[in-house]
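Take a look at the structure set out below.
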Amino acid sequence: MSSFILTIALPAATTDFFNQLRRQYYPAHANQVGAHITLFYRLPADEPRVAAALSAMDAQTPFTIQVNGLQRYTNGIAYTLSSAPLQVLHQSLQQQWMDVLKWRDQQPLQPHITIMNQATAWKAQQAHEKLLAEFQPFEIEATGVQLWRYLKGPWKLLETYSFVRK
């Protein structure tokens, strides 16, 4: 069965910033998608409630997300994020779709933007130390959500549902 991925839409300058970091730190053979904040990893493509909820996204206004730290994994690095409106949006959609969600998507959201994965532990440690020494918290803006089709590696953007300023 086909599935969708749902991410937060970001302004082009923000995406460019994180994509530059991915080009710098992510092994080229593994960097198949752009920088993203995943809300749901495997939404059923044939579920009408998904389309209905996404079509109502214009009721949502853009909101701020705090980029508040760096998380090192054994073979990678991600920027950690926090945002009350992001958590509210995720929980609302999660409640609407809970009975069709896979286990991973039923869990609390831990928002992040991965800039390195599938690297050696040594490279991840070196990059983490460099980035951490320079890190200052900053803010980014969520401007909508994006629906993607998973293609066993790369993703195909199907639609962007923009939030509307009021």
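The values are calculated or read from the model by the stated rules, or taken from the named source; none is laboratory data. All of these numbers come straight from a predicted model, not from anything done at the bench. With ideal geometry, Cβ positions are generated from the backbone for all residues, glycine too; neighbour counts draw on all protein chains shown. Accessible surface areas use protein heavy atoms only, side chains included; no ligands, DNA or RNA. Shrake-Rupley method; radii C 1.70, N 1.55, O 1.52, S 1.80 Å.
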message = Given (1) surrounded by fewer than 16 Cβ atoms within 10 Å (Cβ to Cβ); (2) touching a strand residue (DSSP E or B) at 6+ places or on another chain (Cβ under 6 Å); (3) not acidic (Asp, Glu), identify the lone condition not met by ALA30.
response = (2)
remark   = Note: among THR74, THR7, just one is of a type in the set (Ser, Thr, Tyr) and either buried (at least 20 other Cβ atoms within 10 Å of the Cβ) or at pLDDT 95 or above (or both), namely THR7
message = For the condition closer than 24 Å to ALA121 by Cα, touching a residue at least 24 places away in the same chain (Cβ under 8 Å) and touching a Lys or Arg at 6+ places or on another chain (Cβ under 8 Å), what is the one hit in ALA45, ALA30, ALA35?
response = ALA35
ask   = In this structure, does ALA121 turn out to be open to solvent by less than 80 Å² (accessible area, probe 1.4 Å), touching a residue at least 40 places away in the same chain (Cβ under 8 Å) and of a type in the set (A, V, I, L, M, F, W, C)?
value = yes
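Filter the stretch 112-143 down to the residues that are aliphatic (A, V, I, L, M) and under 18 Å from the mean Cα position of the chain (by Cα) and list them by number. Give the derivation first.
Residues of the stretch 112-143 that are aliphatic (A, V, I, L, M), as a first pass: 113, 115-116, 119, 121, 124, 127, 131-133, 140, 142.
Passing the criteria: ILE113, ILE115, MET116, ILE140, ALA142.
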query = Being touching a helix residue (DSSP H, G or I) at 6+ places or on another chain (Cβ under 7 Å), assigned to a helix (DSSP H, G or I) and farther than 24 Å from ALA133 by Cα, is that true of even one residue in the stretch 37-49?
reply = yes
message = Which of the strands (runs of 3 or more DSSP E) found entirely inside the stretch 77-160 contain at least 1 residues meeting this: of a type in the set (D, E, K, R) and farther than 25 Å from ALA56 by Cα?
response = 138-142
task = Return the total of residues in the stretch 96-118 being farther than 23 Å from GLY34 by Cα and in contact (Cβ under 8 Å) with a residue 40 or more places away in the chain.
result = 5
key: Neighbours by Cβ (under 7 Å, 6+ apart or cross-chain): first from the stretch 80-91, farther than 16 Å from PRO137 by Cβ and polar (S, T, N, Q); second open to solvent by 10 Å² or more (accessible area, probe 1.4 Å) and in a strand (DSSP E or B)   = none
